[in-house]
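Have a look at the structure below before the remarks.
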Amino acid sequence: MKLRSAALTDIGKIRSENEDRYLCEEALGIYGIADGIGGLPSGADASACAVDYIKAGIKSGVTDLNALTLAASEAVLELGQQLNPTYGIGTTLTFGLFRDGCVHLSHVGDSRAYLLRGGRFQGLTEDHNVETEARHLRERGETFVKPTGSNGQALTRCIGQPGLPAVDLKVVPILPGDRYLFATDGITRMVTDAELSQLLKADESPREIMQAIIQLALDRGGYDNVTGVLVVVDEL
C-alpha cells in the first residue's frame with residue numbers, strides 16, 4: 001500500500017494552549033487525532049496520553065482496536081485521578097489503522113473522520129454529543145428535551161470518562177485515490193463539509209491541502225485549536 005500523508009496543528013487565535021494531538025505514523029499505518037476536552041484542566045495531558053497509548057499498543061502488535069481504545073480510556077482516567085482528582089480529565093479520540101487493504105476506524109467523541117472517494121465526500125463518524133443523542137431519540141419516537149445553544153455540543157462520550165465508553169468501530173475497504181481526513185472540531189465548526197470536499201479535491205500535496213484547510217479555519221476566527229491529518233492512497 002502506497003500512502004502519502006500530512007499532519008498539521010495550530011493553537012488558533014484564542015486559546016493559550018494547544019490541547020490537540022495527532023497520530024501520523026507511516027511505519028505503523030496509523031493516523032488520527034485527539035482533542036483534550038475544553039473546560040477541564042490538563043486537556044493536553046489527556047490527548048497526549050491517549051495518542052501515546054494507541055501508538056505504543058499498535059507498535060507492540062495489538063490489533064483489537066476496541067480493547068486498545070478502552071485501555072487507552074482507562075489510562076487517561078488513571079492519569080486524571082492523579083492530575084485532577086475532583087473532575088478528572090478527558091479527550092476525544094478518532095483514528096484509523098491502515099492494514100490489509102482496509103481502514104480500521106475507532107472513534108469516541110466529536111472529532112471526525114471523512115472520506116473523499118471518486119469525487120464523493122462522506123463522513124465516516126458520528127459526533128457523540130447531546131444533539132446527536134436527541135436526534136436518535138426523535139427518530140425512535142421517544143421523548144427528548146431539545147438542546148439549546150451550546151448545550152447541543154456537549155459530549156456524551158469521551159476517553160477518560162468514569163466507566164468504559166462505547167467505541168464506534170468501522171472497517172472501510174480502501175480504493176486507490178481515496179483521501180481520508182481526520183479533523184478536530186477546530187476545523188469542522190469553522191469549515192463546512194462542502195468546503196472540505198472542494199479543498200480535498202485539489203491537485204496538491206497532502207501538506208498543501210492541510211495548510212489550506214487550517215488557514216481557512218484560522219481566517220474565520222481560529223476560536224479553538226485546529227488540527228487535521230490527511231492520508232492519500234496512491235495505490236494498494
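Each reported figure results from applying straightforward, stated rules to the coordinates on display, with no laboratory input. The structure presented is a predicted model; accordingly, all values stated were derived computationally and were not measured. With ideal geometry, Cβ positions are generated from the backbone for all residues, glycine too; neighbour counts draw on all protein chains shown.
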Answer in debye to the nearest 20: the dipole magnitude of the chain about its Cα centre, from +1 Lys/Arg and -1 Asp/Glu charges placed on Cβ, is 320
Heads up, the stretch 2-235 by the C-alpha gyration tensor (a ≥ b ≥ c square roots of eigenvalues; a/c under 1.5 rounded, else a/b over b/c prolate, else oblate) looks rounded
Whole-Å distance linking the alpha carbon centroid of the stretch 105-123 with that of the stretch 183-227 is 14
The alpha-carbon center of the stretch 31-60 and that of the stretch 78-95 are separated, in whole Å, by 10
At R0 = 22 Å the Cβ-Cβ FRET efficiency linking Glu235 and Val171, nearest 0.05, sits at 0.65
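For the stretch 168-228, what does the relative contact order come out to in percent, with C-alpha contacts under 8 Å and a separation of six or more?
Working: 42 pairs, mean separation 28.8, N = 61.
Contact order relative to length: 47 percent.
Pairs Lys2/Lys201; Lys13/Lys170; Lys2/Lys55: which exceed 30 Å Cα-Cα? Mind dumping the intermediate values first?
Numbers: Lys2/Lys201 19 Å; Lys13/Lys170 34 Å; Lys2/Lys55 20 Å.
Violating the 30 Å limit, Cα to Cα: Lys13/Lys170.
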Full extension between Gln211 and Gln198 adds, at 0.36 nm per residue less the Cα distance, a length in nm of 3.3 nm
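Quick one: net charge around Thr63, please, counting Lys, Arg +1 and Asp, Glu -1 for every other residue with C-beta under 13 Å from its C-beta.
Values: positive: Lys59, Arg99; negative: Asp64, Asp100.
Here the charged neighbours net out to 0.
How big is the dipole moment of the stretch 1-92 about its Cα centre under a simple scheme where the beta carbon of each Lys and Arg is +1, that of each Asp and Glu is -1, and everything else is neutral? Debye, nearest 20, please.
Details: 7 positive and 12 negative charges, 61 e Å.
Dipole of the stretch 1-92, to the nearest 20 debye: 300 debye.
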